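Worksheet: the structure to be examined is printed underneath.
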Amino acid sequence: MVASGGKRDPENAAALDELRGADTVAFGGVGIAGTVLPVTEAYRRVEAALGDGREELRPQVERLLDEGTPAGRVYAATLLEGVDPVAGRAAWTALRDDPAEFGTFTGCVMGRSTLREYASERLAGA
C-alpha cells in the first residue's frame, strides 16, 4: 500500500488484511458495552481513506471481492458502493448468487446470513 508521497501506509495495509480475513460483519458497536470490533475499525479506516480521495486503495478493495472471506466481500462491496454506486451495484450483483455464509452483528444481536441474502437485500434497497 503506497500513500501519497510514495510512502507505504502500513495501517491501511493492515486494515485491508483484517477485512480480507473477516468472519463477521458489524458496522457499529456490538454487545451491551457497544464494543467496536477490530474488523469494524478496519472498515472505518479504509472508508475514511477512500473518502479522503485515496484512490490507490480502490484496486485493493476491488481485490477483496475475489480474495476476501464472505464477510470480507460484504465489506468490499459496501466500500465500493460508498465511493462509486455503479461499482457497488455491480459488486452486489456479482455476489447475489453466492451461498457462502458469514456472521453478522447488529448491536447485541448475533446472526448469520449468506452473500445471496445480503446482496439481494442491498440490491432491493438501492
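For the reader, a short list of remarks on this structure follows.
- Relative contact order, percent, segment 1-108 [alpha-carbon distance under 8 Å, six or more residues apart]: 33
- For the peptides 58-64, 80-86, 43-49, residues were scored by their other Cβ atoms within 10 Å and the scores averaged per peptide; the highest-first order is 43-49, 58-64, 80-86.
- Principal-axis tilt of helix 70-83 within the chain, Cα atoms, nearest 10 degrees: 60
- Extension reserve of the LEU123-GLU11 stretch, reckoned as 0.36 nm per residue once the Cα distance is removed: 37.2 nm
- Net dipole in debye of the chain [+1 Lys, Arg Cβ; -1 Asp, Glu Cβ; about Cα centre; nearest 20]: 80
- Between the listed residues THR114, ASN12, ALA22, the Cα displaced farthest toward the positive end of the dipole of segment 10-125, a dipole computed from Cβ unit charges relative to the Cα centre, is found at THR114.
- Computed from backbone phi with θ = phi - 60° and the Karplus coefficients 6.51, -1.76 and 1.60, the 3J(HN,Hα) list for segment 112-125 is 9, 8, 10, 4, 4, 5, 5, 5, 4, 5, 5, 5, 5, x Hz; x is used for glycine and proline.
- Sorted peptide list for 93-101, 28-36, 12-20, criterion being average Cβ within 10 angstrom, highest first: 12-20, 93-101, 28-36
- Length gained on full extension, ARG116 to ALA48: 21.8 nm, using 0.36 nm per residue less the C-alpha separation.
Taken together, the values in this text are just the output of simple stated rules run on the coordinates, not laboratory data. As the structure is a computational prediction, the values presented were derived from the model and not from experiment. Note that each Cβ is placed from the backbone with ideal geometry, even for glycine, and that neighbours are counted across all protein chains shown.
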